[in-house]
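Please read the structure below before turning to the comments.
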Amino acid sequence: MRRRNAPHLLAFVGAAVLALPTWAVSAPADPPATAAPGSIGSTAQTGKKSMPELPSPYTPNYTRGAVPPQGGQPPDLAYGAYQKGQYVTAFREATKRIEANPKDAAAMTLLGELYNQGLGVKQDPVKAADWYRLAAAQNDPSAMASLGLMALDGRGMPKDPKAGRRWLEQATSQGSPTAAYNLGLILIGTGATADEAAAAAQFRKAADAEIGPAQHDLGVLYLQGRGVPKDPSKAAELFRRGADNGDLASEVEYAILLFNGTGVTKDERAAARYFLHAASRGNAIAQNRVARLYAVGRGVAKNPVEAAAWNLAAAGQGLSDAWLDQTLSGLSADERSRAERLANERIEQR
């Protein structure tokens, strides 16, 4: 997973109780050669993992924090410049708008975003928080969501989890799906069974807004029957939608369900396509699964060189597989060289 530069809510949720199957790092149990890919499966029950990182309103290059007013109008000059990466222009245009209208909440939020990320101006979380507060006073939900995360992180202000939660609740009530997702993370992070249903409800708000991480996490709840009735079909649907929205964890989890025919019609070829796409994006679990598929020729044509290459790529991320190592031990020197070259190319492309 790409490292974020900004502090993140996850640091405060801690070891969330929602286990995330696709990010497990332990190798699968060594299966017999004829059943290698059959070991592909969710590790949702194997342990409690931390949540995947949610792009926050102040994550570098994240563009949902500062959004123009709704109403079908085309993007304004300030926000249009922000989208294009023309941050100095965005700062200038947003400042001009506030001079013309001191209650322009969208322009205030945009300035907060620029100061928080250090885009076009020197990074200054304190100034960012000041602009967010001004926008929040005008009922801007994006500003409220950012303030909530900043209070939770102690960024630009003293750390205050209670205030952070209040800001997220307020942003959620104003319709912010990002705030709803983060609020769900807080609820699921309490470890209380009673909070699981409430967390699911918040995840659903964000999932309905097509936020991929929320679709993944709600899918996990349906897969495990936590806070919602156990329903693998709904889990599969949510994972597919999350994958369509670019969420890597959803992509891998949907591939697992496709391969095993859990909650969805079994389709090994389709599963292989999802695994391959996720593997090309650098996911170690997917790289391991693709290696196993190539090793025995299920969902893809058998190809020991490809199997070895993906196995090496996964091992480079700390995910070793003794079964694959043994199965591929008979490769020739030329085949090993080709596999190493492919693995290095894929690692460099990440």
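What fraction of the Cα pairs in the range 156-237, stated in percent, has a spacing above 14 angstrom? Don't skip to the end; give the middle numbers.
Values: 2000 of 3321 pairs.
Percentage above 14 Å: 60.
How big is the convex hull of the Cα atoms of the range 125-167, per residue, in Å³?
Details: hull volume 2.1 nm³, N = 43.
Value for the range 125-167: 49 Å³ per residue.
Per residue, how much accessible area does the range 282-350 have with a 1.4 Å probe, in Å²?
Numbers: 3180 Å² over 69 residues.
Each residue of the range 282-350 exposes 46 Å² on average to a 1.4 Å probe.
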In nm, the gap between the two label points placed 7 Å beyond Cα toward Cβ at Asp267 and Lys159 is 4.6 nm
Judged on accessible area alone, 1.4 Å probe, highest first, Lys302, Lys205 line up as Lys302, Lys205
Here the convex hull volume per residue of the range 281-350, taken over Cα atoms and given in Å³, is 75 Å³
dims of the range 246-299, Cα set, principal axes, largest to smallest, nearest Å -> 26, 26, 13
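What is the Cα radius of gyration of the range 134-289 over 2.2 N^0.38 Å, N being its residue count? Let's see the in-between values first.
On the way: Rg = 17.3 Å, N = 156, 2.2 N^0.38 = 15.0 Å.
Cα-based Rg divided by the globular estimate yields 1.15.
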Descending accessible area (1.4 Å probe), largest on the left, turns Val252, Val88, Val296 into Val88, Val296, Val252
Measure of exposure for Ser142: accessible area at 1.4 Å probe, Å² rounded to 10, is 20 Å²
When every protein chain stays in place and a 1.4 Å probe is rolled, Trp131, Trp310 sorted by accessible area with the largest first are Trp131, Trp310
Over its alpha-carbon atoms, the range 194-264 yields an Rg and a Dmax in Å of 10.9, 33
The range 266-290 and the range 303-326 have their Cα centres apart by a whole-number Å value of 13 Å
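How would you classify the range 75-176 from its alpha-carbon gyration tensor, with a ≥ b ≥ c the square roots of the eigenvalues: rounded for a/c under 1.5, else prolate if a/b is greater than b/c, otherwise oblate?
Values: a/c = 2.11, a/b = 1.52, b/c = 1.39.
Judged from the Cα gyration tensor, the range 75-176 comes out prolate (a/c at least 1.5, a/b above b/c).
Whole number in Å², please: accessible area per residue of the range 141-250, 1.4 Å probe, ligands, DNA and RNA not counted. Could the numbers behind the result be given before it?
Details: 3840 Å² over 110 residues.
Heavy-atom accessible area per residue stands at 35 Å².
How high is the FRET efficiency between Glu99 and Gln349 when r is their beta carbon distance and R₀ equals 45 Å, given to the nearest 0.05? Please list the in-between numbers first.
Values: r = 46 Å, r/R0 = 1.02.
Working from the Cβ atoms, E equals 0.45.
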With every protein chain in place, the accessible area of Glu251 for a 1.4 Å probe, in Å² rounded to the nearest 10, comes to 10 Å²
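Tell me the carbon and sulfur percent of the accessible area for the range 160-214, rounded to whole percent, probe radius 1.4 Å.
Values: 1120 of 2190 Å².
Heavy-atom surface of the range 160-214 belonging to carbon and sulfur, 1.4 Å probe: 51 percent.
Step by step: find N for the range 201-241, compute 2.2 N^0.38 Å, then divide the Cα radius of gyration by it. What's the final number?
Numbers: Rg = 8.7 Å, N = 41, 2.2 N^0.38 = 9.0 Å.
Rg over 2.2 N^0.38 Å, computed on Cα atoms: 0.97.
The values are calculated or read from the model by the stated rules, or taken from the named source; none is laboratory data. Small disclaimer: the values here were computed from a predicted structure and weren't measured. Cβ sites come from the backbone with ideal geometry, for glycine too, and all protein chains shown count toward neighbours. Note: accessible area is taken over every heavy atom of the protein model, side chains too, but ligands, DNA and RNA are not part of it. Shrake-Rupley method; radii C 1.70, N 1.55, O 1.52, S 1.80 Å.
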